[in-house]
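Okay, so here's the structure we're looking at.
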Amino acid sequence: MLKGKSAVVTGSTSGIGLAIAETLANEGVNIMLNGLGDAAKIEEQRAGLEKRFGIKAAYHPANMTKPTEIAEMVKATVDTMGSIDILVNNAGIQHVSPVEEFPIEKWDAIIAINLSASFHAIRAAVPYMKKQGWGRILQVASVHALVASPYKAAYVSAKHGIAGLTKVVALEVAQHGITCNALCPGYVWTPLVAGQVADTARVRNMTEEQVKKDVLLAAQPTKQFTTVEQVGGVALFLCSDAAANITGTLQSIDGGWTAQ
Ligand code: NAD
């Protein structure tokens, strides 16, 4: 059903974004990769997608702090692939600090990358989606779009902002065949989180299993990390025909975290 469509996935050089790109590519979707990283490694990922899935894959280096570069990336997708059908706003960063010490430049960067970048990408993509009468906008938000944790002022503010943006856009495009939904994962098993487990185990003199269950997954009742493939699966469902009337939702993928 998605074969031949084109998707931009921001921040797809690693983690959740890369898994969503692979999941969509597996369905025959052409992919515009984006994100930071080593040029040779990114080229390997791009060529690998084309080879493994027989689709067209390109890379755009837009920095998510730069509105003009974001708009250029959307235009480049249409120019090289013929359309932009799916927009996945995934790029994100984190900083943890008490609010009174929170570095101003970290606040600005997190709001720019985790919130404003989504607005700029949606603003640029919606005219194309309206014209073709079909579109899927996915925001990779977080459980922190729904609830807060201490020391994450900028991240929680940005993700709550994404929740509002998701609903506004959903209402505006509701009669144009376009849906806009947010994915709200709790802890997802990524290389970043794996490193955090090993470090915390060392510092606190605990086993890695203890750190996973009692520290990281303290708020996640299943005591299981979500996998990047599971996030990819939810993204794919929201792109499907079955989900055509699901819009403006905040889809939690959090092992029961927000049920408490
Ligand atoms: P990650 O660090 O593996 O990937 C982040 C991606 O964003 C990378 O490709 C990176 O290059 C890109 N990026 C960062 N700054 C950028 C910039 N200025 N311009 C362009 N690209 C930039 O992280 P991840 O865990 O895969 O996170 C992806 C998204 O999922 C984020 O929005 C994050 O908030 C969200 N999320 C992650 C978890 C988790 O447990 N890992 C949980 C909930 C939500």
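The values are calculated or read from the model by the stated rules, or taken from the named source; none is laboratory data. In this text, all values refer to a predicted model and were calculated from it rather than measured experimentally. All Cβ positions, even for glycine, are placed from backbone atoms using ideal geometry, and neighbour counts span all protein chains on display. Accessible surface is based on the protein model in full, side chains and every heavy atom, while ligands, DNA and RNA are left aside. Shrake-Rupley method; radii C 1.70, N 1.55, O 1.52, S 1.80 Å.
If you check I20, I84, which single one turns out to be surrounded by 24 or more Cβ atoms within 10 Å (Cβ to Cβ), of a type in the set (A, V, I, L, M, F, W, C) and more than 16 Å from the ligand (Cβ to nearest atom)?
Every option except I84 fails the conditions.
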Looking only at segment 69-116, count how many residues are over 25 Å from K56 (Cβ atoms), assigned to a helix (DSSP H, G or I) and in contact (Cβ under 8 Å) with a residue 40 or more places away in the chain. 11
Can you report the number of residues in segment 91-102 which are farther than 30 Å from L33 by Cα and surrounded by fewer than 16 Cβ atoms within 10 Å (Cβ to Cβ)? 5
Can you spot a residue in segment 176-188 that is crowded, with 16+ Cβ neighbours inside 10 Å, closer than 15 Å to S252 by Cβ and away from the ligand (no atom under 11 Å from the Cβ)? yes
From the residues in segment 14-55 that are touching a residue at least 60 places away in the same chain (Cβ under 8 Å) and of a type in the set (D, E), which one is nearest to C184 (Cα to Cα)? E22
If a residue has to be more than 30 Å from I86 (Cβ to Cβ) and part of a helix (DSSP H, G or I) to count, how many in segment 199-236 make the cut? 18
Counting only residues that are outside any strand (DSSP E or B) and surrounded by 14 or more Cβ atoms within 10 Å (Cβ to Cβ), which one in segment 189-198 is farthest from the chain's Cα centre (by Cα)? V197
Determine, yes or no, whether R204 is of a type in the set (K, R) and free of Cβ contacts under 8 Å to residues at least 24 places away in the same chain. yes
Being open to solvent by less than 40 Å² (accessible area, probe 1.4 Å), in a helix (DSSP H, G or I) and not hydrophobic (A, V, I, L, M, F, W, C) is the filter here, so list the residues in segment 117-154 that pass it. S118, H144
Residue identified as within 11 Å of the ligand (Cβ to nearest atom) and at pLDDT 95 or above among V143, V126, V147: V143
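Give the residue that is nearest to the ligand (Cβ to nearest atom), with candidates limited to residues of segment 103-116 that are open to solvent by 20 Å² or more (accessible area, probe 1.4 Å) and within 14 Å of the chain's Cα centre (by Cα).
That would be I113.
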